[in-house]
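Step one of this worksheet: look at the structure below.
Read-outs: derived from the displayed coordinates by stated rules, not from any lab. Predicted, not measured: the structure shown is a model, and the values here were computed from it. No Cβ is skipped: glycine too gets one built from the backbone with ideal geometry, and neighbour counts run over all protein chains shown.
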Amino acid sequence: MKINWNIPPVSSDFRNTIHQRSNLVPLLHFVLRMILHVSVILFLIYSLKNNHLLLSLLLIFLNGLLTTFMGWAGAGHEYFHSTAFSSGRINKILFRLFSCATWNNWGWFEVSHLLHHKYTLHISDPESPAKHSMTFTRVLFLFSIDFPVMFRRLRILFSNCLGTVPTNSIAIKQIIDTKPNLAKRVRLGALSVFAYQFSVFLFLTTISFKLAVIVFFAPFTFTIINKIVEIVQHVSMTEHAFDFRDNSRTVRFNRFLEFLYANMNFHAEHHMYPGTPYYNLPALHNRLLTDGVTTTPQKGLWLASKIAFRSQVNMVSENSCISCYADCPIKNSDILDN
């Protein structure tokens, strides 16, 4: 199954320009991220030792916020696309490292995300936005520790370690069944996540057991902001469309949030030209606006929150992309070459 995407053209000179990688920019961004993380951890160690309860609680939430943007809705996503550093090896190492740090199976993402780009919001897309009711309890978990997501992710990781991949996607099932090397990659990804987390937990217990527990829960702590910006990427957009301007949403945020999010708020532009380094997406965005092929995006976290929550108040519709997986067999054994 092949989709002929309608992508607005840009000149070859401009395309070559925006595809240029600058090692200095991603290096500075990486260093700044690490400074923020280390600073928060050091202040957290100080506050825990001195029993500053309120300060500790604030730092725990801040650490959770920073950690969530290391994952696939953040810096890890850009490392996967190898659009940060010019070295593919460095990008790959950082992608897998950040995946492990956020309890994410990089082996799974290396399979599913390629399909997501190839079949965005079509039947074969394994990453279509989940459609469920946003209850008061769900919101409380997002503002505190998201135990339901944590337990579900741990269960899936354990299943991956045993060689199984729980999924409703027929496309993914066919690929895993017909390409054993992908199943091995998923299993290796899960095992590496547990190895990384176990090693970090043991190391941090030598400093503070409380700190080790806090870091363990960090990827699931105060996930509300990360979840909002992730949801608005595609939620309530047109399914089965042939234009990324119809199925992907660009929203502008303040500079700090866009930095944390690695410019993934320019999501329509990212899908149109996925080879564009994240730090060149603003230039691509401005060019498409100037050419008149895109419209001025919506702005602000508050507006994004209203879009995300309004879209998830209603239950899943019968004709949605997710709900028809079971009734729509797909022949796509040629999706991946490896």
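When the chain is treated as a Gaussian network with alpha carbon springs shorter than 10 Å, the biggest mean-square fluctuation among PHE216, PHE98, PHE244 belongs to PHE216.
By the count of neighbouring beta-carbon atoms within 10 Å, fewest first, LYS227, LYS184 end up ordered LYS184, LYS227. Taking THR295, THR223, THR68 in turn, the Gaussian network model of the chain (Cα-Cα springs below 10 Å) assigns the largest fluctuation to THR295.
A Cβ-based charge dipole, computed about the Cα centre of the chain with Lys and Arg at +1 and Asp and Glu at -1, lands at about 700 debye.
Each residue of the range 100-112 is assigned a 3J(HN,Hα), and the resulting list reads 4, 5, 10, 6, 10, 7, 4, x, 5, 5, 5, 8, 6 Hz, derived from the Karplus form 6.51 cos²θ - 1.76 cosθ + 1.60 (θ = phi - 60°), x at Gly and Pro. Farthest toward the positive end of the dipole of the chain, out of HIS52, LEU115, PRO9, is the Cα of HIS52, where the dipole comes from beta carbon charges about the Cα centre. Among PHE14, PHE147, a tally of other beta-carbon atoms within 10 Å of each Cβ gives an order, fewest to most, of PHE147, PHE14. Per-residue Cβ neighbour counts within 10 Å put ASP246, ASP13, ASP177, ASP146 in the sequence ASP13, ASP177, ASP246, ASP146, beginning with the fewest. The Cα-based radius of gyration of the range 57-96, divided by its Kirkwood radius, gives an Rg/Rh of 1.14.
Farthest toward the positive end of the dipole of the chain, out of HIS271, PRO219, VAL25, is the Cα of PRO219, where the dipole comes from beta carbon charges about the Cα centre. Every pair of different Cα atoms in the range 35-327 enters the Kirkwood calculation, which places the hydrodynamic radius at 20.1 Å. Of the residues ASN105, MET134, ASN168, the one whose Cα sits farthest toward the positive end of the charge dipole of the range 49-177, with +1 on the Cβ of Lys and Arg and -1 on the Cβ of Asp and Glu, is ASN105. Remark on the range 1-67: hydrodynamic radius 15.8 angstrom, per the Kirkwood mean of 1/r across alpha carbon pairs.
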